Structure formats: C-alpha cells, structure tokens
Amino acid sequence: MFNDIGPLELVTLIVLAVLVFGPDKLPKVIQDVTRTIRKIREFSESAKQDIRSELGPEFKDFEFEDLNPKTFIRKQLDNDELGLKEIRNGFDLKKEMAEVTDAVHGRDSESSSAASSSSPSSSSSSGDRVDLTKKPEERPPYDADAT
C-alpha cells in the first residue's frame, strides 16, 4: 500500500502528524485510523464472499483481481492452451528488424545477411543506398496558389 513512500517522506509525515494532532492525541488518532482500515477490509472481504456465494459453484475460483484488464490479459496469455509460448519463442525480433531494414534500403535479405556476417563495412559501401539524413541542395519554388 505504501510501497512508493521513502524514509524521508515517512519521517516528514510523522513530524507533520505530531505537529497537527499533538503528542497527546496522536496515539488515539492512530488507533482510530487503524480501526477504520480494519473495518473497511472486513467489509470488503465479506462483500467478496457474498458475491462469490451468490454467483454459484461455477465461480468458486473467481478472483476480483481478474477484473483488471491487464491482469486478465496477462493470465490469459500465460495460459498455454493457445500455444502462444511457441509462437513467442519462434519469433526472432532481430531477424525481423533486419529484414525490414533491408527492405527499406532495397537490399536482398539473403545477400545482406551473408554480407553482414562476412564484414560489416561491405553493407555500408553500396552505391544504391539513399541517404535520408542529407538535406536537399535547393528548395522547390514557392507556389502561393497551392497553399
């Protein structure tokens, strides 16, 4: 619940609580807060049990955390019934990116993979490669009617 509070922030909160409530009333305030948090937890647990009992035996292993879309999708993707682990393991991102790069530069993927394995400088010396970072020397004429 308080995973993102650091030690300096915790000390600041304690000092602020002592200044606001005073050292005499602070233990009573802490007891009231903990009692309220405990009641809220008990209420939520009893509500969960009521919902589970009303849904029936089909939903006995139903978890309310599954209602979070991220958790639900992660749980479904980890399920191996779809065979997604095999697809994920068979996908080579580096190879796919190399093929896309070769397609953009207009090179053949088989020749570039052989060239890149033999020497890395041979692929940079191709003459048909277009340098996209180079700016054109002259600008086209401005057409006021076109804008």
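Just a few scattered comments:
- Which numbered condition Ser122 fails, given (1) open to solvent by less than 90 Å² (accessible area, probe 1.4 Å); (2) modelled with pLDDT under 65; (3) in a helix (DSSP H, G or I): (3)
- Restricting region 1-57 to residues that are farther than 30 Å from Leu67 by Cβ and charged (D, E, K, R) leaves a set whose member that is least open to solvent (accessible area, probe 1.4 Å) is Asp32.
The values are calculated or read from the model by the stated rules, or taken from the named source; none is laboratory data. Remember, it's a predicted structure, so these values are computed and weren't measured experimentally. No Cβ is skipped: glycine too gets one built from the backbone with ideal geometry, and neighbour counts run over all protein chains shown. When the accessible area is computed, the model is the full protein with side chains, heavy atoms only, and any ligands, DNA or RNA have been set aside. Shrake-Rupley method; radii C 1.70, N 1.55, O 1.52, S 1.80 Å.
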